[in-house]
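Notes follow the structure.
The values are calculated or read from the model by the stated rules, or taken from the named source; none is laboratory data. These figures come from a predicted structure and were not determined experimentally. For neighbour counting, all protein chains shown are included, and Cβ atoms are generated from backbone atoms with ideal geometry for every residue, glycine included. Just so you know, the surface numbers come from the protein's heavy atoms only, side chains and all, with ligands and any DNA or RNA stripped out. Shrake-Rupley method; radii C 1.70, N 1.55, O 1.52, S 1.80 Å.
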Amino acid sequence: MKFGIIRERKNPPDRRVVLSPTECQNVLSAFPEAQLSVESSPIRVFKDEEYQEKGISISQNIADCDVLLGVKEVPIEALIPNKKYFFFSHTIKKQPYNRPLLNTILDMNIELYDHEVITSSNGQRLVAFGRYAGIVGAYNGVRAYGLKFGLFNLPKAETLKDQEALITELQKVKLPNIKIMLTGRGRVGNGSREMLDAMGLKKVNVAEYLKDTFNEPVYCQIDASEYNKRKDGVRGNKADFFKNPQEYKSNFFRFAEVTDFYIAGHFYGDGAPYLYTREDAKHPNFKIKVVADVSCDIDGPVATTIKPSTIADPIYGYDPVTEKETNYKNANAIAVMAVDNLPCELPRDASNGFGEAFSKHVIPAFFNNDEDGILERARMTQNGKLTKRYAYLQNYVDGLE
């Protein structure tokens with residue numbers, strides 16, 4: 001079995017990679033029957049020489065590989081027929097802009113495995129960049145707070161080497177006595193929490209956060225059961241919420257009345273209520289002035305997120321009265337950081353973490369007859385057709401929806 005690490009070709013350039021030089025070496029040590037080739041790349045965060053130093057071959061042509069590993073979508077013109085591919089295809093939610101990509105994959109008899117659906121038997125995602133999105137998102141949010149109020153000017157995350165460098169910069173700043181709300185307890189939310197803890201911020205519980213005043217900055221981390229409540233007044237819980245989201249309404253406004261800086265790191269499912277609406281943001285008691293929307297659902301549960309922002313231009317202002325974009329430094333503006341590819345700003349750390357999970361969970365499946373069904377669950381196409389699990393995409397493929 002020969003694996004190829006492909007060069008990322010999507011624009012804007014993505015410097016991440018599925019397997020770092022060290023992880024490639026680990027794979028070859030664990031599976032002597034495996035072979036690995038790395039397609040030369042001028043933009044990858046690990047230079048060609050770093051792979052060669054670990055004894056990994058660099059190639060200009062990886063057409064002889066069986067399984068091709070990438071991060072972002074492969075441009076249609078770069079696809080090689082009759083191969084197995086791993087990348088984030090952004091098709092499982094029927095994204096219109098990638099319909100031609102999925103059609104071409106089927107036409108070329110490519111076996112597509114999407115990183116997003118590499119899961120355990122109970123549906124838990126096994127490989128993801130979420131933690132790094134949370135780490136960079138929290139950093140960018142603190143940076144946005146400093147810029148909004150003219151308090152400090154942190155360097156951009158993309159100019160720093162790793163998480164440690166981000167933490168070093170955060171520890172240099174002094175926040176005023178603000179309240180910071182963090183939603184989500186998954187990879188993203190906990191990644192953000194790592195950064196707030198590294199700053200030495202005090203964590204408080206919901207009752208303290210809502211009622212008490214502090215003479216230092218504090219934060220509170222909540223999940224769906226704390227910012228939603230059942231419409232019928234029956235006491236709900238997180239499991240019930242995920243099963244019956246339509247039975248719930250948002251209970252977030254009580255937090256918005258006391259929050260200065262909000263980090264959105266939650267998962268948002270279809271049918272769930274919005275955390276806050278544009279009408280909520282107009283309310284005189286709505287206090288939030290800076291939002292770091294790591295989840296970045298456009299015109300969704302965080303109503304101030306009206307567009308994604310970019311690494312180059314990460315902050316925009318939202319005017320709650322006009323519901324339009326404005327200068328984020330305006331007194332009435334809510335500063336929004338909604339970069340939708342945050343892990344790209346920490347490519348080395350993100351690649352290391354992703355690769356460890358990929359070599360632990362996915363690579364063994366090629367050599368143990370997929371005994372845990374990992375490949376089977378992630379395989380979207382086979383023999384020029386959608387697999388049974390992904391047959392729901394047929395109308396999308398056919399252009400009927």
*Rg(Cα) of region 1-134 divided by 2.2 N^0.38 Å?*
1.06
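Taking only the Cα atoms of region 1-40, how large is their convex hull per residue, in Å³?
Numbers: hull volume 2.5 nm³, N = 40.
Each residue corresponds to 62 Å³ of Cα convex hull volume.
Among R187, R377, R125, what's the order by accessible area (1.4 angstrom probe), most exposed first? It would help to have the intermediate numbers written out before the result.
Numbers: R187 100, R377 30, R125 75 Å².
Ranked list, largest accessible area first: R187, R125, R377.
What pairs from K148/K203; K249/K324; K179/K307; K360/K385; K93/K385 go past 21 Å between their alpha carbons? Please report the intermediate quantities before stating the final value.
Working: K148/K203 24 Å; K249/K324 26 Å; K179/K307 25 Å; K360/K385 29 Å; K93/K385 18 Å.
Listed pairs above 21 Å: K148/K203; K249/K324; K179/K307; K360/K385.
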*First obtain the Kirkwood hydrodynamic radius of the chain from its Cα pairs, then insert it into the Stokes-Einstein equation at 25 °C and 0.890 mPa s, and state the resulting D in µm² per second as a whole number.*
109 µm²/s
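Using the heavy atoms of the protein chains and a 1.4 angstrom probe, tell me the accessible area per residue for region 157-264 in square angstrom. Spell out each step's value before the answer.
Values: 5280 Å² over 108 residues.
Dividing the accessible area of region 157-264 by its residue count gives 49 Å².
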*What is the spin-label model distance, in nm, from K360 to K324 if the labels are put 7 Å beyond Cα along the C-beta direction?*
5.0 nm
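Give me the accessible area per residue for region 1-119, probe 1.4 Å, as a whole number in Å². The partial results should precede the final answer.
Details: 5100 Å² over 119 residues.
Value for region 1-119: 43 Å² per residue.
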_Taking 8 Å as the Cα distance limit and 6 or more residues as the minimum spacing, I'd like the relative contact order of the chain as a percentage._
18 percent
*Within region 303-341, what residues put their amide N at less than 20 Å from the label point 7 Å along the Cα-to-Cβ vector of E279?*
303-306, 319-324
*What is the P(r) of region 84-201, as percent of Cα-Cα pairs per 10 Å bin from 0?*
12, 32, 24, 20, 10, 2
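Compute the whole-percent fraction of alpha carbon pairs in region 304-392 spaced more than 20 Å apart. Let's see the in-between values first.
Values: 2456 of 3916 pairs.
Roughly 63 percent, rounded to a whole number.
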*Treating the Cα atoms of region 67-139 as identical point scatterers in vacuum, please give the log10 of the normalised Debye intensity I(q)/I(0) at q = 0.15, 0.17, 0.19, 0.22 Å⁻¹, two decimals.*
-0.58, -0.71, -0.84, -1.02
*Charged-residue dipole, Cβ positions (Lys, Arg, Asp, Glu), region 313-397 about Cα centre, Debye nearest 20*: 360 debye
*Rank D297, D313, D114 by mean-square fluctuation in a GNM of the chain with C-alpha springs under 10 angstrom and give only the top-ranked residue.*
D313
*Where the Cα atoms of region 270-330 are projected onto their three principal axes, how long is each span, largest first, in whole Å?*
32, 29, 17
*Quote the convex hull volume per residue of region 22-64, based on C-alpha atoms, as a whole number of Å³.*
66 Å³
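Accessible area, 1.4 Å probe, largest first: how do K203, K307, K211, K388 sort? Intermediate results must be reported in sequence, preceding the final value.
Numbers: K203 95, K307 75, K211 165, K388 190 Å².
Correct descending sequence by accessible area is K388, K211, K203, K307.
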*State log₁₀ I(q)/I(0) for region 219-355 at q = 0.09, 0.11, 0.13, 0.22 Å⁻¹ as given by the Debye formula over alpha-carbon point scatterers of equal weight, solvent excluded.*
-0.30, -0.44, -0.60, -1.32
*What does the charge count near K388 come to, summing +1 for each Lys or Arg and -1 for each Asp or Glu among other residues with Cβ under 13 Å from its Cβ?*
+3
*asked:* Test of understanding: extend the Cα→C-beta vector of D162 to 7 Å, then name every residue of region 17-61 with backbone N under 14 Å from that spot.
replied: 20-23, 46
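Carbon-plus-sulfur fraction of the accessible area of region 282-324, 1.4 Å probe, in percent?
Numbers: 960 of 1730 Å².
Roughly 55 percent of what the probe reaches on region 282-324 is carbon or sulfur.
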*Ignoring ligands and nucleic acids, what accessible area does M181 show with a 1.4 Å probe (Å², nearest 10)?*
0 Å²
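For region 345-395, what number results from the quotient of the Cα radius of gyration and 2.2 N^0.38 Å? Intermediate results must be reported in sequence, preceding the final value.
Numbers: Rg = 14.5 Å, N = 51, 2.2 N^0.38 = 9.8 Å.
With N residues counted in region 345-395, Rg over 2.2 N^0.38 Å equals 1.48.
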_Within region 214-258, chymotrypsin sites (Phe, Trp or Tyr not before Pro) in DSSP loop having at most 15 other beta-carbon neighbours inside 10 Å_ = F214
*With label points built 7 Å along Cα→Cβ from the Cα atoms of N237 and E216, find their separation and express it in nm.*
3.5 nm
